[in-house]
Amino acid sequence: MTSCALDAFLSQRPASIVAELTAVRGSSPRSEGTFMVIAADAVLGTIGGGALEYLVIDRARQVLRDGIPDALMDIPLGPEIGQCCGGRVEVSLRPVGRDRSLVERLIAAEAARPEVLIFGAGHVGRALARSLQALPLKVQVIDTRAEELRGLPPGIEGVQLAMPEAAVRAAPEGSSYVIVTHDHALDFLIAAEALKRTDAPYVGMVGSASKRARFKSWYLSEAEGTEAALERLILPLGGRAFPDGLGDKRPEVIAALATAELLVEIGGRAVSALRARPVSTQSGAVVGD
C-alpha cells in the first residue's frame, strides 16, 4: 500500500474502516502496527490474509452498517478459526472519516525506505527495476544515456549523469548499489566508489569470475583498494546464494537473484541495527503493506 493509493481509496470511499493490529502475541502473519482499510465494496492492504482477514472484513462491514464508533477484536490464530499460526492478535476497528494520519504515516514510512541505486538502464537494469518496483524501496536507475532511461516502470526514477560514480558519493546513508552498466571500465569506477561506502548493505556487480579477477587486479593496484573491502563486493549478482551461478543468464533471472540478495542484505542490516538499540517501550510498528 502506498500513500497515493490510500489517498485515492479514501477519496472515493470516505466511509471506510481502518483495521489495525494493535497487539501481537506469539506467531502472527503480520507485525503490530500493520493496517488495512475496508469499505463496503472494496479493501486496500492486508493484515495477513486467510481466516483472520475474512473475520476482520466481515466485522468491519458490520461496524460500517451499524454505525459503531469503534470496536476491538481479540482473535486466537489457532484451530478456532482454522489457522495454525499459534499466536493471538488484537485488531482495532475505527472509522477513517477525515483523519489524514494514516496517509501521513505512509508518507513517513515511504520517506524512510532504503534506497537502491541501479547503475545501468540496459536489459538487466530494466529487469531489476521491474523486480524492485513493488517492494518497499526507493529505486533510482542511473545511466549516461538518456534514451535508455525512457520506459522505466512507474515509481522508478531515472537519472542521467555524465559521471555516475558521483551519485555514489551523494547517496543517502544506508543506500545499496547494483552495477550493471554497458561499460566495464565504468563498472569498475562505480564499484570502487561504492566500496568506500562502509554504510552500504549491498554492493553488487554483474559479471563473471574473469571479470572479478580483472577488477581485483585493478582495484588493489590502481584504485588502492583493500582485500577487506573487496570481500564486500558481490560479483556475479546472485553469487552469495549460488556461487557457481544457475547457468541461466537471462536478465529476468539475474534480476530475481539480485532482488533476493538485496532484500537479505538490507533486512539483515536493519535487524542488526534494531538489536543494537537500547531497549525501549516504544513499538516499532509496521504500517500498511
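Summary table below
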{"read-out": "Gly288 vs. criteria crowded, with 17+ Cβ neighbours inside 10 Å, among the small types (Gly, Ala, Ser) and at pLDDT below 90", "value": "yes"}
{"read-out": "Boolean, Arg169 is loosely packed, with under 14 Cβ neighbours inside 10 Å, touching a residue at least 24 places away in the same chain (Cβ under 8 Å) and over 22 Å from Glu261 (Cβ atoms)", "value": "yes"}
{"read-out": "Residue tally, condition more than 20 Å from the chain's Cα centre (by Cα), under 23 Å from Leu257 (Cα atoms) and assigned to a strand (DSSP E or B), over region 141-166", "value": "1"}
{"read-out": "Restricting region 25-58 to residues that are assigned to a strand (DSSP E or B) and surrounded by fewer than 22 Cβ atoms within 10 Å (Cβ to Cβ), the residue that is nearest to the chain's Cα centre (by Cα)", "value": "Leu44"}
{"read-out": "Candidate set: region 64-78, residues that are surrounded by fewer than 19 Cβ atoms within 10 Å (Cβ to Cβ) and among the aliphatic types (A, V, I, L, M); chosen: the one modelled with the lowest pLDDT", "value": "Ile68"}
{"read-out": "Subset of region 169-207 (residues that are in a helix (DSSP H, G or I), farther than 24 Å from Ala111 by Cβ and either in contact with a Phe, Trp or Tyr (Cβ under 7 Å, 6 or more places away or on another chain) or not acidic (Asp, Glu) (or both))", "value": "His184, Ala185, Leu186, Phe188, Leu189, Ile190, Ala191, Ala192"}
{"read-out": "Any hit, region 103-114, residues being over 19 Å from Ile179 (Cβ atoms) and either among the acidic types (Asp, Glu) or assigned to a strand (DSSP E or B) (or both)", "value": "yes"}
{"read-out": "Subset of region 172-184 (residues that are within 27 Å of Thr2 (Cα to Cα) and surrounded by 13 or more Cβ atoms within 10 Å (Cβ to Cβ))", "value": "Gly174, Ser175, Ser176, Tyr177, Val178"}
{"read-out": "Unique residue being in the same structural domain as Ala42 (by TED's automatic domain parsing) and surrounded by 13 or more Cβ atoms within 10 Å (Cβ to Cβ) when the list is Ser92, Ser131", "value": "Ser92"}
{"read-out": "Any hit, region 115-124, residues being farther than 21 Å from Gly48 by Cα and without any contact (Cβ under 8 Å) to a residue 24 or more places away in the chain", "value": "no"}
{"read-out": "Some residue of region 214-230 being touching a helix residue (DSSP H, G or I) at 6+ places or on another chain (Cβ under 7 Å), under 25 Å from Pro136 (Cβ atoms) and either outside any loop (DSSP other than H, G, I, E, B) or in the same structural domain as Leu257 (by TED's automatic domain parsing) (or both)", "value": "no"}
{"read-out": "Given (1) of a type in the set (Val, Ile, Thr); (2) in contact with a Ser or Thr (Cβ under 7 Å, 6 or more places away or on another chain); (3) within 24 Å of Leu10 (Cβ to Cβ), number of the condition Val116 does not satisfy", "value": "(3)"}
{"read-out": "Flag for Arg25 being basic (Lys, Arg), touching a Gly at 6+ places or on another chain (Cβ under 8 Å), within 18 Å of Ala109 (Cβ to Cβ) and in contact (Cβ under 8 Å) with a residue 40 or more places away in the chain", "value": "no"}
{"read-out": "Residues of region 1-16 satisfying the condition of being surrounded by fewer than 15 Cβ atoms within 10 Å (Cβ to Cβ) and under 11 Å from Glu110 (Cβ atoms)", "value": "Cys4"}
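The values are calculated or read from the model by the stated rules, or taken from the named source; none is laboratory data. Bear in mind that the values here come from a model prediction, so they are computed numbers and not experimental data. Note that each Cβ is placed from the backbone with ideal geometry, even for glycine, and that neighbours are counted across all protein chains shown.
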